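The structure appears below as structure tokens.
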Amino acid sequence: FVFNNMSDPTPTFSSSSGAFLDHFGQLKSSYASFRPTYTASLFDKIVQYTGSAPRELAIDVGCGTGQATLPLSAYYGRVVGVEPSQGMVDQAIKDAQSKDVKGVEFVKSPAETLPFPDASVDLAITAQAVHWFDIPAYLKEAHRVLKPGGTLAIIGYGTCDLQGVPELDKEWKTFYGTTLGDIYWPANRKMVDREYVDITIPSPLYTDQVRDTSLNIEKDMSLDHFVGYLSSFSGYKEYMKANKDDPLPALRDSFAAKLGHARAQQPNALRVVWKIFLLLGRRV
């Protein structure tokens with residue numbers, strides 16, 4: 001595994017001031033433990049789109065702890081996760097080593113100044129991260145590093161649904177939209193809520209643009225795992241900075257009472273579903 005600590009990197013843009021705001025570095029352990037993983041059907045769809053193009057180098061930009069980086073190693077000879085947060089890079093390396101995944105590297109770098117030569121990359125993906133970037137700058141930079149005919153993939157997933165438990169689904173969405181709300185969620189998160197409809201892969205830099213919303217991530221969770229997932233939110237981190245009370249224990253207790261304490265401990269206590277939105281384009 002390669003870790004490249006680039007000197008004085010240009011910050012990744014995540015605010016109107018242009019300064020890199022590390023929303024997740026302090027949450028790296030909960031992020032790695034509780035965030036959903038992507039389905040093989042998602043990567044199959046992306047690779048099908050690439051057609052007969054070479055599969056030598058894929059990059060995962062804004063890779064976090066490697067949720068999308070590691071599965072890509074099954075499809076590409078070399079995969080590099082690119083991430084501006086030191087904490088996330090450290091966790092990604094640790095996770096890749098513990099899972100003995102081969103052909104994967106991680107570099108510390110912003111999305112807008114990628115450490116790759118011109119026309120050297122076959123596939124550039126970003127998964128649940130592009131809303132933190134200076135998007136026009138990233139799209140131009142991805143175009144620079146992609147080979148002609150290379151693929152740009154932008155992946156996101158929305159606010160999850162709790163299947164079969166409408167009362168709990170409503171309660172958790174009140175936590176998301178009211179307890180955290182606009183006060184504690186970074187403004188960039190609105191793009192996720194809108195399922196990336198604000199983002200267009202631009203012509204003439206790219207062609208054959210596709211928007212696909214046919215896939216879901218589905219996962220059975222215990223109640224504690226679901227609460228752990230909520231603890232990985234950047235909005236929750238900002239709430240805890242500003243308030244002394246932690247809202248998650250009360251939410252957990254309410255869920256446990258409604259589920260029954262025996263069911264709450266079961267690994268399949270909750271069926272959690274996230275809608276995936278996928279944007280694809282081919283580099284001209």
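General remarks:
- Result for the chain in a Gaussian network model with C-alpha springs under 10 Å: among 152, 251, 223, the largest mean-square fluctuation is at 251.
- Radius of gyration and maximum dimension Dmax of the range 48-151, Cα, Å: 12.8, 36
- Dimensions of the range 116-189 from C-alpha coordinates, computed as largest minus smallest value along each principal axis and given longest first, are 51, 29, 14 Å.
- The calculated P(r) of the chain, using every Cα pair and 5 Å bins from 0, goes 1, 5, 12, 16, 18, 17, 13, 8, 5, 2, 1, 0 in percent.
- Helical contribution to [θ] at 222 nm, DSSP H n ≥ 4, -39,500 (n - 2.57), averaged over the chain, rounded to 500: -9500 deg cm²/dmol
- Within the chain, antiparallel bridges make up roughly 50 percent of the DSSP beta bridges whose residues both belong there.
- Semi-axis lengths (Å, descending) of the ellipsoid that matches the C-alpha gyration tensor of the range 161-206: 30, 15, 5
- Rounded percent of accessible protein surface that carbon and sulfur make up, the chain, 1.4 Å probe: 51
- For the range 93-136, convex hull volume per residue from C-alpha positions, Å³: 114
- Heavy-atom accessible area per residue - the range 218-284, 1.4 Å, Å²: 43
- Extension gain, residue 253-residue 211: 0.36 nm per intervening residue step, less the Cα-Cα distance, totals 11.2 nm.
- On full extension, the segment bounded by residue 268 and residue 44 gains 78.0 nm, given 0.36 nm per residue less the C-alpha separation.
- Most mobile listed residue (271, 194, 211) in the chain, GNM with C-alpha springs under 10 Å: 194
- Cα pair distances exceeding 20 angstrom across the range 150-237, given as percent: 48
- Fraction of alpha-carbon pairs over 25 Å apart in the range 90-246 - percent: 46
- Unit charges at the beta carbon, dipole of the range 66-161: most positive-side option, 77, 130, 104: 77
- For the range 173-284, fraction of C-alpha pairs farther apart than 17 Å, in %: 66
The values are calculated or read from the model by the stated rules, or taken from the named source; none is laboratory data. Just so we're clear, the structure is a prediction, and the values are computed from it rather than from any experiment. Cβ sites come from the backbone with ideal geometry, for glycine too, and all protein chains shown count toward neighbours. Only protein heavy atoms, including side chains, enter the accessible area calculation; ligands, DNA and RNA are left aside. Shrake-Rupley method; radii C 1.70, N 1.55, O 1.52, S 1.80 Å.
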